[in-house]
Amino acid sequence: MNMEIDVRPVLSPIHCPTLVVHATGDRSLPLAAGRYLTENIPGAKFLEVPTSDHLLWVNPEPTATLVAAVREFVASLPGAPESDRILTTVLFADIVGSTQRASQMGDQAWGQLLDKFFDAARREHARLRGRMVKSTGDGLLAVFDGPTRAVRCGCSIRDRAAGLALETRVGLHSGECLLRGDDVLGIAVHIASRVSEQAGPGEVLVSGTVRDLSVGSDLRFQDRGAHVLRGVDGEWRTYLVEGS
């Protein structure tokens with residue numbers, strides 16, 4: 001049956017450490033087949049075991065050879081590199097008209113109001129399993145491992161701000177980010193920031209990526225068309241979150 005399965009088209013896409021083991025005297029599968037696999041799987045290693053048994057583990061001697069070879073192969077593998085990039089949903093929120101409100105209220109009263117806003121935002125992040133990365137003076141940057149929770153958090157932040165007589169604009173985008181300590185960097189962060197700039201007061205706006213990843217949820221979106229985002233190549237379609 002094995003001889004009837006043609007695996008040649010799927011050998012070159014294999015990119016994991018591979019050890020091809022073949023019995024020298026295997027009468028059911030020619031030695032050339034094992035060598036072909038080794039030559040066509042990138043980086044594969046070949047082990048020829050001196051036995052005629054197709055099932056190498058039925059006799060103690062070839063079994064011992066096989067076990068020792070596998071241990072040596074595994075021990076020689078480099079440790080998995082720690083990735084400093086993560087796929088995440090980035091949320092930007094900022095307070096509309098903050099400069100004017102600060103001027104009207106004075107520094108102390110404005111500072112106290114900001115504290116209430118950030119405290120409420122942190123509670124929403126914790127509830128929806130997000131992480132507030134940093135505040136941006138009159139706004140915040142947060143990350144989530146799920147786009148729908150991020151969208152719901154954006155809507156909750158908007159509502160909590162409204163309860164404090166504040167208006168926010170919120171923008172979200174999903175993409176890969178670079179980790180630097182507790183901070184996140186990368187083009188995905190810039191896109192989320194630019195999407196938030198497109199939002200109006202009280203609006204939660206998302207990129208097309210967030211909208212696509214949220215398919216199947218009960219979230220509803222209104223197409224806001226394609227836009228050129230400042231400092232970002234190409235056009236990006238944005239969507240307004242409705243009814244949340």
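Among the helices (runs of 4 or more DSSP H) lying completely within segment 53-135, list those that include at least 3 residues that are assigned by TED's automatic domain parsing to the domain that holds Leu31. Talk me through it step by step, then tell me what you get.
On the way: elements: 60-75, 98-105, 107-127.
Those helices (runs of 4 or more DSSP H) span 60-75.
When segment 106-124 is examined, which residues are found to be surrounded by 14 or more Cβ atoms within 10 Å (Cβ to Cβ) and farther than 21 Å from Glu197 by Cα?
Answer for segment 106-124, where residues must be surrounded by 14 or more Cβ atoms within 10 Å (Cβ to Cβ) and farther than 21 Å from Glu197 by Cα: Trp110, Leu113, Lys116, Ala120, Arg122, Glu124.
In segment 127-148, what residues are without any contact (Cβ under 8 Å) to a residue 40 or more places away in the chain and within 23 Å of the chain's Cα centre (by Cα)? Before the answer, list the steps.
At the first step, the residues of segment 127-148 found to be without any contact (Cβ under 8 Å) to a residue 40 or more places away in the chain are 127-132, 135, 137.
Listed by number, the residues that qualify are Arg127, Leu128, Arg129, Gly130, Arg131, Met132, Ser135.
Considering only residues of segment 209-231 that are surrounded by fewer than 17 Cβ atoms within 10 Å (Cβ to Cβ) and within 20 Å of the chain's Cα centre (by Cα), which is farthest from Val170 (Cα to Cα)?
Checking each candidate, the answer is Gly216.
Name every residue in segment 136-174 that is of a type in the set (A, V, I, L, M, F, W, C) and assigned to a helix (DSSP H, G or I), in order of residue number. Write out each step before concluding.
Filtering segment 136-174 down to residues of a type in the set (A, V, I, L, M, F, W, C) leaves 140-144, 150-151, 153, 155, 157, 161-162, 164-166, 170, 172.
Across segment 136-174, the qualifying residues are Ala150, Val151, Cys153, Cys155, Ile157, Ala161, Ala162.
For segment 127-164, name all the residues that are under 15 Å from Val184 (Cβ atoms) and among the charged types (D, E, K, R).
Listed by number, the residues that qualify are Arg131, Lys134, Asp145.
Against the condition assigned to a loop (DSSP other than H, G, I, E, B), in contact with an Asp or Glu (Cβ under 7 Å, 6 or more places away or on another chain) and either under 15 Å from Phe92 (Cβ atoms) or in the same structural domain as Asp119 (by TED's automatic domain parsing) (or both), how does Gly216 come out, does it pass?
Working: assigned to a loop (DSSP other than H, G, I, E, B): yes; in contact with an Asp or Glu (Cβ under 7 Å, 6 or more places away or on another chain): no; either under 15 Å from Phe92 (Cβ atoms) or in the same structural domain as Asp119 (by TED's automatic domain parsing) (or both): yes.
It is false that Gly216 is assigned to a loop (DSSP other than H, G, I, E, B), in contact with an Asp or Glu (Cβ under 7 Å, 6 or more places away or on another chain) and either under 15 Å from Phe92 (Cβ atoms) or in the same structural domain as Asp119 (by TED's automatic domain parsing) (or both).
Among the residues in segment 159-179, are any more than 25 Å from Thr238 (Cα to Cα) and under 16 Å from the mean Cα position of the chain (by Cα)?
Here is the first cut: in segment 159-179, the residues more than 25 Å from Thr238 (Cα to Cα) are 163-165, 179.
Of the ones still in play, those that are also under 16 Å from the mean Cα position of the chain (by Cα) are 179.
Taking every residue of segment 159-179 in turn, at least one turns out to be more than 25 Å from Thr238 (Cα to Cα) and under 16 Å from the mean Cα position of the chain (by Cα).
Please enumerate the residues belonging to segment 175-202 that are in contact with a Leu (Cβ under 6 Å, 6 or more places away or on another chain) and either part of a loop (DSSP other than H, G, I, E, B) or farther than 20 Å from Ile95 by Cα (or both).
Glu176, Leu178, Leu185, Gly186, Ala199 - these are the residues of segment 175-202 that are in contact with a Leu (Cβ under 6 Å, 6 or more places away or on another chain) and either part of a loop (DSSP other than H, G, I, E, B) or farther than 20 Å from Ile95 by Cα (or both).
Among Val204, Val215, which is of a type in the set (Val, Ile, Thr), modelled with pLDDT of 95 or more and within 22 Å of Ser156 (Cβ to Cβ)? So that I can check it myself, show each step before the final result.
Working: Val215 fails: modelled with pLDDT of 95 or more.
Selected residue: Val204, the only one of Val204, Val215 that is of a type in the set (Val, Ile, Thr), modelled with pLDDT of 95 or more and within 22 Å of Ser156 (Cβ to Cβ).
The values are calculated or read from the model by the stated rules, or taken from the named source; none is laboratory data. Because the structure is predicted, anything quoted here is derived from the model rather than measured. Quick reminder, even Gly has a Cβ in these numbers, built from the backbone with ideal geometry, and neighbours come from all protein chains shown.
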